[in-house]
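Here the structure comes first, spelled out in structure tokens, and everything after it is commentary.
The values are calculated or read from the model by the stated rules, or taken from the named source; none is laboratory data. Source: prediction; values computed, not measured. Cβ placement follows ideal geometry from the backbone for every residue including glycine, while neighbour counts extend to all protein chains displayed. Just so you know, the surface numbers come from the protein's heavy atoms only, side chains and all, with ligands and any DNA or RNA stripped out. Shrake-Rupley method; radii C 1.70, N 1.55, O 1.52, S 1.80 Å.
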Amino acid sequence: MNAIKWTMKPRQLFSLQKNPLPQLLYRPFKRFIQTSPEYSFDQNTTPKSHLIEKSNNFTPTTSISYSKLLSNCCQTKSLIPGLQTHAHITRIGLSNDKNLRNHLVNLYSKCGAFGYARKLIDECPEPDLVSWSALVSGYAWNGFGKEALLAFREMHLLGLRCNEFTLPSVLKACSITKGLMLGKQVHGLVMVTGFESNVFIATTLVVMYAKCGALEDSRILFDLMPERNVVSWNALFSCYVQSDIFEEALGLFREMILRGIRPDEYSLSCILNACTGMGDINQGKRIHGDLIKRGYDSDPFSANALVDMYAKGGDLQDSMAVFEGIGKPDIVSWNAIIAGCVLHEYHDWALKLFRRMKNSGTCPNMFTLSSALKACAGLGLEKLGRQLHSVLLNMNIKSDPFVSVGLIDMYCKSGLLEEAKAVYWLMLQKDLVALNAIISGLSQKGEEIEALYLCSDMYKEGIGLNETTMCAILNSTASLRAVNICKQVHALSVKSGLQSDVYVSNSLIDSYGKCENAEDACKVFEECPFGDLASFTSMIASYAQCGKGEEALKLYIKMQDMELKPDPFVCSSLLNACANLSAYEQGKQIHVHILKFGFISDGFAGNSLVNMYAKCGSVDDAGRAFSEIRDRGIVSWSAMIGGLAQHGHGKEALNLFNEMLKNGISPNHVTLVSVLYACNHAGLVTEAKKYFESMKESFGIEQTQEHYACMIDLLGRAGKLDEAMDLVNKMPFEANASVWGALLGAARIHKNIELGRRASEMLFTLQPEKSGTHVLLANIYASNGMWENVAKVRRRMKESNVKKEPGVSWMEVKDKVHTFIVGDRSHSRSGEIYAKLDELRDLMNKAGYVPMVEIDLHDVEESEKELLLFHHSEKLAVAFGLIATPPGAPIRIKKNLRVCLDCHTAFKFICKIVSREIVVRDVNRFHHFRDGLCSCGDYW
């Protein structure tokens, strides 16, 4: 005994009960009976209670009757009858009976009335091993591990030698407290006292080592056991299940069967939990068959495990069948089936079951209510969620963190952020799960800045973070386009070791992509150890968002080489990349892949197809893709309306908009921008005014800067400059660069010097780095013959170190994108291109083409200006298209700036001379040149 080193300090051993009765620590028994007449015996639970219904008539000849009565009270945990029996024992003078005292200590300990039990032990003149063992056992089996160990220490100091009944309780206490070192000391005591061959003690040792995290030692000890019964096997593989080592648990179960040990209902229900953990529903069905075969299917533990296994495995039909077969479902049964419905988003089923449970008389607990709250969140049932919150308050478990998280999630998904925040701040102990719930809710509802501040504050207070926190923060940084914060989170993920998590890595790639930082996104991707579909999807999307379509397409080829099958999201991102590149042919190939992999009915892929074809210049293909979308949402309609608008089909766009309204689809602000855009490029002023002025009344949409800019641009193009300025003055907010840019463009069209000066001065303040403002202002001066002012603008550009953005044009031929800039001779077919241009110039001159040298601002001779004009990037691209594509095929070109007036005029001549359609997509819209005319009607 002296070999054991006790490290805990002695302290008072009395402990509050989990559900304390209204008693004093040492309440007089006689007074208790007098003041508690409401307590009576239940004939069903205490068969011998009639013996003491009337104390005056009860006179037993020996203490045997009392011993039997106390044993019965202990088995049924009937504390009140036990107290009354104790009072009778005291009255008739048997209180010093050692056997009765032991029974009483055992009763009080099992019922959690430790104050009474300890008083009896303290009043005993001599220490009694049975009483002390009963006290230690009571503490351990009621979950008071520390108190049990302290009681054992005191018993040890009194010189009492523990026996085979004491040791299992002490080992259980070590398991509760995770006291592995102390458990090893008790193991030594087991060896010294010779109880290592006792199967019950050996089994408890196996459990102790396992629950203290020493599974290897637990297995070694188990293998060394000379005798192993079904309880021993159950103990070991249940510990593996509780440690989430499911396959090992299943292996042990199979080994037990092979060794001829017949499993009991506990074995089978435990292995069902392992099948649940592995998600192996087929193995679970085999265990179910074994349960039926052995007659254990009516066992409540097994039935509950079956309900849980089927529910979590997604087989709700079988789960319901097992559940309905339970005669009287307990709270565990109800919780399992309701949680399973919620897990698989059958929220309406979950709430119907919740109502059935209440009607059956079973009271919900916090787990039931947590599932019900998730169902309310999934269905957006705010009122029912509030009612459940009231129930929780009445149950006095409002501070439970598990329930609080459910409330936060429910309020966030219902859009009630203030209520969600109130629940969070009222939590007594804010943990990481609750923090994740509130910042995710704030981020999803557009409160990204508050989410970031809250996360920062909580991190400083030491709550910490995990992969869920990281993903929520990165979602906020992506929405805010806050690249600096993204970099800080990236550094934090590296420091905390979370960057290796696949979700965190993909969120970093996505956030960098949305912050238009493809370089850092690529670094994270290259360092990512997974190389799975999710990481490729994130990186391809990032390239597409950053305008690096070629890199996105190259990465897709690499992904195919790795034999990774794409999903609709990859295809959608690739289509967006093709749209940005105007890569029509490659977009068609992605379309083929969508058909091949069966994604044509996917909404994301369908909408991206419409957008891709529209931006690649084929509005007819866009229309066909739109017609194949089964469930057209607002995104589908907006994409098609926007496509028609870009191509100058204003009336068709408005007709489609009206058709959308007839189908019951409400527009959003993007749809109305497209409608105004359609009116703008078709010169439909009256229609635009009608839609603009009725936005709030008809559709409940407030006018934004984008709507105002579109309307002001339309009025300016139509020559209604005063009306446009009046609208600027009436705006409820300060005009931004888009508005002043629209006015500057209108001033250029109508050669209004005064308006041009005012708009340009505002733009110099708002966007000093933009060269387009200087160019447009110089064009206004040049068109009015004010060459000195043109020179001043050029000097101002030079002094401000503002460089003119060079015009760049792109053309796709045979899956390759060719790039051209003015006067470029770096192309491999440069000689042929310039020869074709010379040929075209001769033909055009004969047809009446006159170069518009006045738009060129270079201070050079007129002949040189003509040459510069004819070597513009879009003309080089057209010439290349004529020599590189089959005769009669459309030529599709994209330009980063507005197509110049001279090129616009030249293309009308070229398309007629060569009998080709030329499609030019500039920064504003599409121009379709056919038979000497442009689809824009020279209005752009």
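Given the conditions (1) at pLDDT 90 or above; (2) touching a Phe, Trp or Tyr at 6+ places or on another chain (Cβ under 7 Å), and given that N845 satisfies all but one, which numbered condition is not satisfied?
(2)
Looking at V592 and the list (1) at pLDDT below 90; (2) surrounded by fewer than 16 Cβ atoms within 10 Å (Cβ to Cβ), which single condition is not satisfied?
With respect to (1) at pLDDT below 90; (2) surrounded by fewer than 16 Cβ atoms within 10 Å (Cβ to Cβ), V592 is out only on (1).
Would a scan of the range 902-913 turn up a residue that is touching a Lys or Arg at 6+ places or on another chain (Cβ under 7 Å) and open to solvent by 30 Å² or more (accessible area, probe 1.4 Å)?
Taking every residue of the range 902-913 in turn, none turns out to be touching a Lys or Arg at 6+ places or on another chain (Cβ under 7 Å) and open to solvent by 30 Å² or more (accessible area, probe 1.4 Å).
Scan the range 763-784 residue by residue and report those that are farther than 18 Å from L901 by Cα and either surrounded by fewer than 20 Cβ atoms within 10 Å (Cβ to Cβ) or of a type in the set (V, I, T) (or both).
The answer is F764, T765, L766, Q767, P768, E769, K770, S771.
Which of (1) farther than 30 Å from N517 by Cα; (2) modelled with pLDDT under 85; (3) open to solvent by less than 40 Å² (accessible area, probe 1.4 Å) does P401 not meet, given it meets every other one?
Failing condition for P401: (3).
Looking only at the range 894-913, decide whether some residue is modelled with pLDDT under 95, part of a strand (DSSP E or B) and touching a strand residue (DSSP E or B) at 6+ places or on another chain (Cβ under 9 Å).
Checked the range 894-913: at least one residue is modelled with pLDDT under 95, part of a strand (DSSP E or B) and touching a strand residue (DSSP E or B) at 6+ places or on another chain (Cβ under 9 Å).
What are the residues in the range 425-435 that are surrounded by fewer than 22 Cβ atoms within 10 Å (Cβ to Cβ) and assigned to a helix (DSSP H, G or I), if any?
W425, L426, L432, V433
Read through the list (1) in a helix (DSSP H, G or I); (2) open to solvent by 40 Å² or more (accessible area, probe 1.4 Å); (3) at pLDDT 90 or above, then give the number of the only condition that V673 fails.
(2)
From the list R829, R825, exactly one residue is open to solvent by 80 Å² or more (accessible area, probe 1.4 Å) and either of a type in the set (S, T, N, Q) or within 30 Å of G587 (Cα to Cα) (or both). Which is it?
The conditions single out R825.
Out of D280, D290, D308, D297, which single residue is under 18 Å from V342 (Cβ atoms) and not small (G, A, S)?
D308
What pairs can you find where one residue is in the range 68-97 and farther than 18 Å from K110 by Cβ and assigned to a loop (DSSP other than H, G, I, E, B), the other is among the acidic types (D, E) and open to solvent by 50 Å² or more (accessible area, probe 1.4 Å), and their Cβ atoms are less than 9 Å apart, with a gap of 6+ or different chains?
From residues that are farther than 18 Å from K110 by Cβ and assigned to a loop (DSSP other than H, G, I, E, B), the pairs are S95/E123.
Here's a check for you: in the range 245-266, which residue that is assigned to a helix (DSSP H, G or I) and touching a residue at least 24 places away in the same chain (Cβ under 8 Å) is most open to solvent (accessible area, probe 1.4 Å)?
Residue satisfying both the conditions and the ranking: E247.
Quick one: what pairs do we get from the range 831-854, first residue charged (D, E, K, R), second open to solvent by 70 Å² or more (accessible area, probe 1.4 Å) and assigned to a loop (DSSP other than H, G, I, E, B), C-beta under 6 Å, 6+ apart or different chains?
Nothing qualifies.
Per-residue answers, yes or no, for (1) touching a helix residue (DSSP H, G or I) at 6+ places or on another chain (Cβ under 6 Å); (2) crowded, with 22+ Cβ neighbours inside 10 Å; (3) closer than 21 Å to V673 by Cβ:
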site: K596; (1), (2), (3): no, no, no
site: K615; (1), (2), (3): yes, yes, yes
site: A625; (1), (2), (3): yes, yes, no
site: E628; (1), (2), (3): no, no, no
site: G633; (1), (2), (3): no, no, yes
site: A639; (1), (2), (3): yes, yes, yes
site: A645; (1), (2), (3): yes, yes, yes
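For the range 598-608, which positions are open to solvent by less than 30 Å² (accessible area, probe 1.4 Å) and either under 21 Å from K895 (Cα atoms) or touching an Asp or Glu at 6+ places or on another chain (Cβ under 8 Å) (or both)?
Across the range 598-608, the qualifying residues are F599, G606.
Per-residue answers, yes or no, for (1) closer than 27 Å to T885 by Cβ; (2) touching a Cys at 6+ places or on another chain (Cβ under 6 Å):
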residue: A521; (1), (2): no, no
residue: M539; (1), (2): no, no
residue: G547; (1), (2): yes, no
residue: A552; (1), (2): yes, no
residue: P568; (1), (2): no, no
residue: C578; (1), (2): yes, no
residue: Y584; (1), (2): yes, yes
residue: Q589; (1), (2): yes, no
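Could you please let me know if L492 is out of contact with any strand residue (DSSP E or B) (no Cβ under 7 Å at 6 or more places or on another chain) and open to solvent by less than 20 Å² (accessible area, probe 1.4 Å)?
No.
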